[in-house]
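The values are calculated or read from the model by the stated rules, or taken from the named source; none is laboratory data. Values in this document were obtained by computation on a predicted structure and should not be read as measured data. Neighbour counts run over all protein chains shown; Cβ positions are idealised from the backbone, glycine included.
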Amino acid sequence: MTAEFESMTVLLLVVLTIACLAQVVFMGLLLWYVKRVADTLGSMRGPVPPPLPPPPAQPSPVPVPDVVEAPKAVVTEKAVPVAAVVAPKLDILKESPDIQASIHRLCEKYDLSDFIVTTLDGLVVISLFPGSSEEAARSSDLFRRKKKPDSPNVTFFEIPHRGEAMLGIIRSDHPLSPEEKKGIDEDARKILDWWL
């Protein structure tokens, strides 16, 4: 009876050892699989874009007197009409490390809230903010149907690029002059030709 009991005990120990080893192998495979899935999901998100460069430091304003005294007359400054205001000289290409930074500089140059470039079927090519695909799809649909933007702060314009038409979507907190629209159009074409 004792020999039978000992052989039964040895057999149970062997079975328990094999079960523990199988469990360790199974856990190792499970961890390996979870890591592979996490790596695959991480690579699907794509590379993290580099942070946008900080805006250039604004020079401190120089006080300008309202009235300049002349020997026998008083001369006052005249207001410059809004349409005559020209966008500042800002290199949107060579000082930018990527297309995202060029678009950021374009927005700085013309004081825009956002600027999106999309294909005419609504696929986002470039945007400053993530999650612009819904706005791009809605805007491209309106543009194709020759409808006006659904917001007064939004402007559409077509950008020809390498034989294909793209849509520029401008969001601005102020009305754009014809000169600004022309400048934005020219700069957007330069950005696309330079980076894409």
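Select from the stretch 151-184 the residues that are of a type in the set (A, V, I, L, M, F, W, C) and surrounded by fewer than 14 Cβ atoms within 10 Å (Cβ to Cβ) and list them in ascending order. Show your work before the answer.
Our first condition is that a residue be of a type in the set (A, V, I, L, M, F, W, C); within the stretch 151-184, this holds for 154, 156-157, 159, 165-167, 169-170, 176, 184.
Matches in the stretch 151-184: 165 only.
Going by the conditions given, is residue 80 over 30 Å from residue 190 (Cβ atoms), exposed (fewer than 10 other Cβ atoms within 10 Å of the Cβ) and modelled with pLDDT under 55? Full working, then the answer.
Numbers: over 30 Å from residue 190 (Cβ atoms): no; exposed (fewer than 10 other Cβ atoms within 10 Å of the Cβ): yes; modelled with pLDDT under 55: yes.
Criteria not met by residue 80.
Does the stretch 155-163 include one or more residues that are under 14 Å from residue 107 (Cα atoms) and of a type in the set (S, T, N, Q)?
Filtering the stretch 155-163 down to residues under 14 Å from residue 107 (Cα atoms) leaves 155.
From what's left, of a type in the set (S, T, N, Q): 155.
Yes, there is a match, as at least one residue in the stretch 155-163 is under 14 Å from residue 107 (Cα atoms) and of a type in the set (S, T, N, Q).
Quick check on residue 156: is it aromatic (Phe, Trp, Tyr), touching a strand residue (DSSP E or B) at 6+ places or on another chain (Cβ under 7 Å) and assigned to a loop (DSSP other than H, G, I, E, B)? Reasoning before the result, please.
Working: aromatic (Phe, Trp, Tyr): yes; touching a strand residue (DSSP E or B) at 6+ places or on another chain (Cβ under 7 Å): yes; assigned to a loop (DSSP other than H, G, I, E, B): no.
So residue 156 fails the test.
Out of all the residues in the stretch 108-123, is one or more assigned to a strand (DSSP E or B) and either loosely packed, with under 14 Cβ neighbours inside 10 Å or of a type in the set (Phe, Trp, Tyr) (or both)? Let's see the steps before the verdict.
Here is the first cut: in the stretch 108-123, the ones assigned to a strand (DSSP E or B) are 114-119.
Within this subset, residues satisfying the condition of being either loosely packed, with under 14 Cβ neighbours inside 10 Å or of a type in the set (Phe, Trp, Tyr) (or both) are 115.
Checked the stretch 108-123: at least one residue is assigned to a strand (DSSP E or B) and either loosely packed, with under 14 Cβ neighbours inside 10 Å or of a type in the set (Phe, Trp, Tyr) (or both).
Check off (1) at pLDDT 60 or above; (2) loosely packed, with under 10 Cβ neighbours inside 10 Å for residue 28 and give me the number that stays unchecked.
Of the numbered conditions (1) at pLDDT 60 or above; (2) loosely packed, with under 10 Cβ neighbours inside 10 Å, the odd one out for residue 28 is (2).
Mind listing whichever residues of the stretch 127-150 are surrounded by 13 or more Cβ atoms within 10 Å (Cβ to Cβ), of a type in the set (Gly, Ala, Ser) and not in a helix (DSSP H, G or I)?
Of everything in the stretch 127-150, those that are surrounded by 13 or more Cβ atoms within 10 Å (Cβ to Cβ), of a type in the set (Gly, Ala, Ser) and not in a helix (DSSP H, G or I) turn out to be 127, 132.
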